[in-house]
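Dropping a structure here in structure tokens format, bear with me for questions.
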Amino acid sequence: MSEPASDTTPAQSWDLPTGEHSAIPVPFASWLMRLIAVLLDQALVAGVAFLASGSIGYEGPTLHPGVANLIQDPSGTSVVSGWVVATLALMALLQAYLGATPGKWIMGIAVVRTATGRPAGALLTVLRTVSHLLDSILLIGYLRPLVNRERRTFADSIAGTYVLATRRPLPWVSPLVDQRGGWIEPPPPWEEPAQPRWRRVVGSVVITAGVLGMAFSCAPTSGTSGGISLQCWAPSDTDGTAGPVLTEAWATAQSSNEWTRLGVTRGDRTLPRLDVTWQLMGDYQMDDVSFAASQDTWWATVRGADGAVIRTIRVTSAQAIDGLTGATFTGDTVKASVPWEAVDEAVVGAWTLEAGQTRGGQAVASCSAF
């Protein structure tokens, strides 16, 4: 009895059903489901940004891929949060190998390869993400699923992916070892017959984390922030050849930046503080040693609405060089930062500033602002 001949038919691509399978629908995800999933992912990352740094101004990712968008720390400085970057990377891995980010998991949709019906893997996920740059041009690519028969953006077409409405996508298998070909009859192999237990466990963790992150991004915020800047310009007849001359001074009073959501407080606890900057000019040529040995002193006085002195700061050229008193010299500016315990913004708004420079005990320049 001869052995049956082996099947040498080449593997076929997983694609839209044709022929006798044409009546079996492929569950493409709707445009609205995809939009809501993106917004949920954005809210999750915004929640992580708040928990990581107290940021309430996270800027993405919405329509542009990658980690180009930054967050702002409580002082208003743009920074990259390691927690935000890690969250975005984890979301990319979830989509690459399980088919769904937290937002997609909640909405019950998954990204799969058109060739196999399985999650796309890392390389195609990166390609699809970068290709969203094309989608973002006039938003045409993002609106394309509304008219495309397969509900695909340009990024989907470039990367060779579908977005399906399923909570049971096929497991990821390396394309190098995935030898499955043809159609499994019936039905077409666009999802597992039942959701594996491990996927239910992972899904519960992902959805819980997503809901918590979104709660922290959307919860009412309470806290304090704000401050005031005072600036003055110093007229001077000195040309600066004998040394640096004050031309401008400004003081910034910053009240505490702390924000509370759902009982969790984040923010910059090093505030409040008073920052003073003296802007210098001149044709002087001094190294740090000569600058420190000069007899220059820069001062600033902040007064309240009643004229009483609230704070006076003095910085000598030597202190600006050694930095031991919190002062710094950067070539054309002298800066000092002084923290103190109570800054009331209502009082800050009525402050006035006086500033000046002396050399060898003689006034060189002064200014005031109200």
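The values are calculated or read from the model by the stated rules, or taken from the named source; none is laboratory data. Please read all numbers here as calculations on a predicted model, not as lab measurements. Because the Cβ atoms are built from the backbone with ideal geometry, glycine has one as well, and the counts that use them run over all protein chains shown.
Which pairs have Cβ atoms under 9 Å, sit 6 or more apart or on different chains, and link a residue in region 162-179 that is assigned to a strand (DSSP E or B) to one that is modelled with pLDDT under 90 and of a type in the set (D, E, K, R)?
L164/E191
Any residue in region 115-132 that is within 16 Å of A100 (Cβ to Cβ) sitting within a Cβ distance under 9 Å of a residue that is acidic (D, E) and part of a loop (DSSP other than H, G, I, E, B)? List the pairs, counting only those 6 or more apart or interchain.
These pairs meet every condition: G117/E191; R118/D178.
For region 281-370, which strands (runs of 3 or more DSSP E) that fit wholly inside it have 3 or more residues that are of a type in the set (A, V, I, L, M, F, W, C) and modelled with pLDDT under 85? Steps first, answer last, please.
Details: elements: 296-303, 309-316, 327-329, 333-339, 352-359, 362-369.
In region 281-370, the matching strands (runs of 3 or more DSSP E) lie at 362-369.
I've got another one for you. Checking G210 against (1) touching a Gly at 6+ places or on another chain (Cβ under 8 Å); (2) closer than 17 Å to A92 by Cβ; (3) at pLDDT 90 or above, only one condition comes out false. Which one?
The one condition G210 does not meet is (3).
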